[in-house]
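*Asks:* First the structure, then my questions, so here it is.
The values are calculated or read from the model by the stated rules, or taken from the named source; none is laboratory data. These numbers were taken from a predicted model, which means no experiment stands behind them. All Cβ positions, glycine included, derive from the backbone under ideal geometry; neighbour counts span all protein chains shown.
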Amino acid sequence: MNTDTSPAIELRGAGKAFRTPSGTLHTAVRELDLTVGQGEFVAVVGPTGCGKSTTLTLVSGLEEPTDGEVLVAGEPVEGIGDKVGFVFQQDAVFPWRTVLSNVMAGPRFRGVAKAEAKEMARAWLARVGLSAFEDRYPHQLSGGQRKRVALAATFVNDPRILLMDEPFSALDVQTRALMSDELLDLWSGTGASVVFVTHDLEESIALADRVVVMTAGPATVKRIFDIDLPRPRKVESVRLEPRFIEIYREIWESLGEEVRITRERGAADVA
Amino acid sequence: MSPDTVAAPGVKPGTRARARARAARNRRLLVHGSRVLLLVVVVALWEILARAEVIDPFNFSMPSAIWDQIREWAVHGTAQGSLWEQIWYTLYEALLGWVLGVTAGVVLGITLGRIRFLADVLGPYIKVLNAIPRIVLAPVFLIWFGLGPASKVASAVVLVFFPVFFNAFQGAREVDRNLVNNARILGASNRRVTLQVVIPSATSWIFTSLHVSFGFALIGAIVGEYIGATKGLGLLVAASQGTFNAAGVYAAMAILAVVALLTEGLLTFAERRLFRWRPAEAGTER
């Protein structure tokens, strides 16, 4: 058993190419090398549409790599593992289930008895502050509340690996900061490893232990930055600290270049 | 200008709200009143023109004769037995055909929507079958299954199956990828994804087809009866036509319309109950 010493996630030269409807091969990511330690919070930033999300689908097992290897806890990924949680960019709560039933879905899918699943779901709903809403349907909630349901539904499965694909990008700025704090709060103490994909550099620095900058598509790792801000952090206040601004400037120098390349390509496509 | 249409400056908000409510009520009354008026005018014109023999009452009958015919059937029964029995027969055939057709359509639609291989293999054949004007199958079914209800049920089934099948198939195909991925990550097996994600999201597609398809089931039953039967409203139409009883044909039509409207109402009621999770449509908010 090497699960205790091996890193939570390891990508070794991983690449993914899709066949487009017109028959050509589109490379989303290439030669990805990345290691995420146990309990580590890693944020992945890159220009929009560069293939950041593909990295997550490879780790989750939703897609298979066309090149290289993806390992979770030292084992190659084969199908969807039961240690993985995934929070999607768009709403992925089931609209025909009540809030409580949505949070119960994970344990129920995994064969937990109904009563026990209900108990677990209630506990997590309490932690995200939605106990009073358990009988509501998703359409009766605000965007932030729906995201909380999604978080509770993910955390109730006690994932060892938490994959987040721009989870808060659809929320307004204030709600986003609030949700980021809440995420840090829920995550602390679980010991789960997090890969958080975003195009918002501020968000990534405020949340993560390390920030991975991706190149313009087809994406690969450009540089990795260590974030030495102390925890626990408060998202709203940490971004005003001088060290934060220093880190921001440093990373932006690297990221900005890729953003420019992407933009110029976009402009060339339009012309 | 009438004084009560112009709100005086500084008028209390309560009176303005009341005025608006009154205006809305008046409009509703106007719409309903106009509807009734239109019906009365058409029916009256029909009656008058037929009595004055401007239109031939033998061919076109007249409302009073149709009403008499319905009453006669209701009170003394038809040549084939009581009117209620005829209605029940037709309804029974249509309902049975509808349930069978819907079940087959939903099961096959979802299955093919989920299993790409089957869809690719069977797709062209289903298209060919759908291209046949299926009502011509009614005589074939009569030969196969005889004069009893079975042949009518069969015609109803083939009419109902296709619209339901195509909607269920489309519904299963267009399930939000995110929901499916989310369910899989949360630990759902393929069977669970089908039962708890695909089917619930396809229900709104399926329900749209249910409304249309019940009408088709009635058509199937009636046409089947018309071609050959021992009981039913379609036979009533055929028998009336055979004796040149125009009023009888119209009376049977009127009864059918009422039956169809009532079942449609029941279906809408069931739909409301089933779709509590869906946001209310604009304007009907709780």
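*Asks:* Before we move on, is residue B:159 within 11 Å of another protein chain (Cβ to nearest Cβ), crowded, with 20+ Cβ neighbours inside 10 Å and part of a helix (DSSP H, G or I)?
*Replies:* Values: within 11 Å of another protein chain (Cβ to nearest Cβ): no; crowded, with 20+ Cβ neighbours inside 10 Å: yes; part of a helix (DSSP H, G or I): yes.
Considered against the rule, which asks whether it is within 11 Å of another protein chain (Cβ to nearest Cβ), crowded, with 20+ Cβ neighbours inside 10 Å and part of a helix (DSSP H, G or I), residue B:159 comes out as no.
*Asks:* Now for a different question. Quick check, is residue A:152 crowded, with 24+ Cβ neighbours inside 10 Å and of a type outside the set (Phe, Trp, Tyr)?
*Replies:* Working: crowded, with 24+ Cβ neighbours inside 10 Å: yes; of a type outside the set (Phe, Trp, Tyr): yes.
Yes: the conditions hold for residue A:152.
*Asks:* Which one of these does residue A:109 not meet: (1) at the interface with chain B (Cβ under 8 Å from one of its Cβ atoms); (2) in contact (Cβ under 8 Å) with a residue 24 or more places away in the chain?
*Replies:* Among (1) at the interface with chain B (Cβ under 8 Å from one of its Cβ atoms); (2) in contact (Cβ under 8 Å) with a residue 24 or more places away in the chain, residue A:109 violates only (2).
*Asks:* Now a separate question. Please state which one of A:53, A:60 is closer than 30 Å to residue A:140 by Cβ, at the interface with another protein chain (Cβ under 10 Å from one of its Cβ atoms) and hydroxyl-bearing (Ser, Thr, Tyr). Before the answer, list the steps.
*Replies:* Numbers: A:53 fails: at the interface with another protein chain (Cβ under 10 Å from one of its Cβ atoms).
Criteria check complete, one pass: A:60.
*Asks:* Could I ask something else about it? So which of A:169, A:237 is within 17 Å of the chain's Cα centre (by Cα) and either at pLDDT 90 or above or polar (S, T, N, Q) (or both)? So that I can check it myself, show each step before the final result.
*Replies:* On the way: A:237 fails: within 17 Å of the chain's Cα centre (by Cα).
The match here is A:169.
*Asks:* Something else now. Exactly one condition in (1) free of Cβ contacts under 8 Å to residues at least 40 places away in the same chain; (2) not in a loop (DSSP other than H, G, I, E, B) is false for residue A:171; which is it?
*Replies:* (2)
*Asks:* Need at least 1 residues that are crowded, with 24+ Cβ neighbours inside 10 Å, without any contact (Cβ under 8 Å) to a residue 12 or more places away in the chain and charged (D, E, K, R) per element, so show me which strands (runs of 3 or more DSSP E) inside the range A:5-63 make the cut, counting only ones lying wholly within it. Working first, answer last.
*Replies:* Values: elements: A:9-19, A:25-36, A:41-45.
Strands (runs of 3 or more DSSP E) meeting the threshold: none at all.
*Asks:* Then there's this: Output the number of the condition that residue B:167 fails; it satisfies all remaining conditions of (1) of a type in the set (S, T, N, Q); (2) within 14 Å of chain A (Cβ to nearest Cβ); (3) under 21 Å from the mean Cα position of the chain (by Cα).
*Replies:* Here residue B:167 meets the rest and fails (2).
*Asks:* Taking residue A:125 and the conditions (1) surrounded by 23 or more Cβ atoms within 10 Å (Cβ to Cβ); (2) within 16 Å of the chain's Cα centre (by Cα); (3) more than 10 Å from every other protein chain (Cβ to nearest Cβ), which numbered condition does it fall short on, given that it satisfies the others?
*Replies:* Unmet for residue A:125, out of (1) surrounded by 23 or more Cβ atoms within 10 Å (Cβ to Cβ); (2) within 16 Å of the chain's Cα centre (by Cα); (3) more than 10 Å from every other protein chain (Cβ to nearest Cβ): (2).
*Asks:* What do you reckon, is residue A:225 touching a helix residue (DSSP H, G or I) at 6+ places or on another chain (Cβ under 9 Å) and assigned to a strand (DSSP E or B)?
*Replies:* Values: touching a helix residue (DSSP H, G or I) at 6+ places or on another chain (Cβ under 9 Å): yes; assigned to a strand (DSSP E or B): yes.
Answer is yes for this residue.
*Asks:* Sort out which residues of the range B:127-143 are out of contact with any Ser or Thr (no Cβ under 7 Å at 6 or more places or on another chain) and in a helix (DSSP H, G or I), and write them in order of number.
*Replies:* To start, the set of residues in the range B:127-143 that are out of contact with any Ser or Thr (no Cβ under 7 Å at 6 or more places or on another chain) comprises B:127-136, B:139-140, B:143.
Of everything in the range B:127-143, those that are out of contact with any Ser or Thr (no Cβ under 7 Å at 6 or more places or on another chain) and in a helix (DSSP H, G or I) turn out to be B:127, B:128, B:129, B:130, B:131, B:134, B:135, B:136, B:139, B:140, B:143.
*Asks:* Right, another one. Counting only residues that are of a type in the set (Val, Ile, Thr) and closer than 30 Å to residue A:139 by Cβ, which one in the range B:239-280 is farthest from the other protein chains (Cβ to nearest Cβ)?
*Replies:* Restricting attention to the range B:239-280, the residues satisfying the condition of being of a type in the set (Val, Ile, Thr) are B:243, B:249, B:255, B:258-259, B:263, B:268.
From what is left, the residues that are closer than 30 Å to residue A:139 by Cβ are B:263, B:268.
Working: B:263: 25, B:268: 19 Å.
Taking the candidates together, the pick is B:263.
*Asks:* Given the condition closer than 30 Å to residue B:144 by Cβ, over 19 Å from the mean Cα position of the chain (by Cα) and touching a residue at least 60 places away in the same chain (Cβ under 8 Å), answer yes or no: does some residue in the range B:217-227 qualify? Talk me through it step by step, then tell me what you get.
*Replies:* Here is the first cut: in the range B:217-227, the ones closer than 30 Å to residue B:144 by Cβ are B:217-227.
Filter once more, keeping what is over 19 Å from the mean Cα position of the chain (by Cα): B:226-227.
Still in the running and touching a residue at least 60 places away in the same chain (Cβ under 8 Å): B:227.
Scanning the range B:217-227, I find at least one residue that is closer than 30 Å to residue B:144 by Cβ, over 19 Å from the mean Cα position of the chain (by Cα) and touching a residue at least 60 places away in the same chain (Cβ under 8 Å), so the answer is yes.
*Asks:* Of the conditions (1) within 14 Å of chain B (Cβ to nearest Cβ); (2) in a helix (DSSP H, G or I); (3) polar (S, T, N, Q), residue A:157 satisfies every one except a single condition; which number is it?
*Replies:* Going through the list (1) within 14 Å of chain B (Cβ to nearest Cβ); (2) in a helix (DSSP H, G or I); (3) polar (S, T, N, Q), residue A:157 breaks only (2).
*Asks:* Okay, moving on. Give just the number: which of (1) part of a helix (DSSP H, G or I); (2) surrounded by fewer than 21 Cβ atoms within 10 Å (Cβ to Cβ); (3) among the polar types (S, T, N, Q); (4) in contact with a strand residue (DSSP E or B) (Cβ under 6 Å, 6 or more places away or on another chain) does residue A:89 not satisfy?
*Replies:* So the condition that residue A:89 fails would be (1).
*Asks:* Applying the selection to the range B:184-208, what residues are over 18 Å from residue B:278 (Cα atoms) and more than 7 Å from every other protein chain (Cβ to nearest Cβ)? Show your work before the answer.
*Replies:* Going through the range B:184-208, the residues over 18 Å from residue B:278 (Cα atoms) turn out to be B:184-195.
Residues satisfying the conditions are B:189, B:190, B:191, B:193, B:194, B:195.
Let's see how each residue does on (1) crowded, with 19+ Cβ neighbours inside 10 Å; (2) farther than 30 Å from residue B:276 by Cα:
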| residue | (1), (2) |
| --- | --- |
| A:140 | no, no |
| A:157 | yes, no |
| A:191 | no, yes |
| A:206 | yes, yes |
| A:213 | yes, yes |
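*Asks:* Related question: Can you tell me which residues in the range B:200-218 are hydrophobic (A, V, I, L, M, F, W, C) and surrounded by fewer than 19 Cβ atoms within 10 Å (Cβ to Cβ)? It would help to see each step written out before you state the result.
*Replies:* Here is the first cut: in the range B:200-218, the residues hydrophobic (A, V, I, L, M, F, W, C) are B:202, B:205-207, B:210, B:212, B:214, B:216-218.
Of everything in the range B:200-218, those that are hydrophobic (A, V, I, L, M, F, W, C) and surrounded by fewer than 19 Cβ atoms within 10 Å (Cβ to Cβ) turn out to be B:207, B:212.
*Asks:* For the range A:159-177, name all the residues that are of a type in the set (A, V, I, L, M, F, W, C) and surrounded by 18 or more Cβ atoms within 10 Å (Cβ to Cβ). Walk me through how you get there before you give the answer.
*Replies:* Of all residues in the range A:159-177, those of a type in the set (A, V, I, L, M, F, W, C) come to A:161-164, A:168, A:170-171, A:173, A:177.
Selection gives A:161, A:162, A:163, A:164, A:168, A:171, A:177.
*Asks:* Please work out if residue B:212 is more than 19 Å from the chain's Cα centre (by Cα) and aliphatic (A, V, I, L, M). Give the derivation first.
*Replies:* On the way: more than 19 Å from the chain's Cα centre (by Cα): no; aliphatic (A, V, I, L, M): yes.
So residue B:212 fails the test.
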